[in-house]
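Below: one structure, written as structure tokens.
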Amino acid sequence: MDKRLKRKYKNQFSSLRDLINSWNLIPDSTPDEFDSLNHLCLSLLNKDADEFKLKKSIYHELTVNYGFSIGKEDSDTLAKEVIKWWIES
């Protein structure tokens, strides 16, 4: 990966981390607590995944890997926020 792409990814990662942390999923968690979710979202977005794929992946990550009990409508809301962030960034 060239330097320009690395810098772009680093900036996107930092910005998306801010968004994910703003959800306050675990109060007082470390800033890197949800970096796996961050990587997952960025990977999907860079592969042109649609909103359905993103929603399904966020739901899986939060329920299976983090053990949250969230509804699919919650993951839909989070996916929409990530899509909006992606379009605006």
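Are any residues in region 24-52 loosely packed, with under 14 Cβ neighbours inside 10 Å and either of a type in the set (Asp, Glu) or under 21 Å from residue 71 (Cα atoms) (or both), and if so, which ones?
24, 26, 27, 28, 32, 36, 48, 50, 51, 52
Of the residues in region 69-89, how many are over 13 Å from the mean Cα position of the chain (by Cα), of a type outside the set (Val, Ile, Thr) and either assigned to a helix (DSSP H, G or I) or modelled with pLDDT of 95 or more (or both)? Quick ask: steps written out before the conclusion?
Taking region 69-89 first, the residues over 13 Å from the mean Cα position of the chain (by Cα) are 69-74, 87-89.
Next cut, of a type outside the set (Val, Ile, Thr) only: 69, 71-74, 88-89.
If we keep only those that are either assigned to a helix (DSSP H, G or I) or modelled with pLDDT of 95 or more (or both) as well, we get 72-74, 88.
Total meeting the criteria: 4.
The values are calculated or read from the model by the stated rules, or taken from the named source; none is laboratory data. Please read these numbers as outputs of a predicted model, since none were measured by experiment. Glycine gets a Cβ as well: all are built from the backbone with ideal geometry, and neighbour counts include every protein chain shown.
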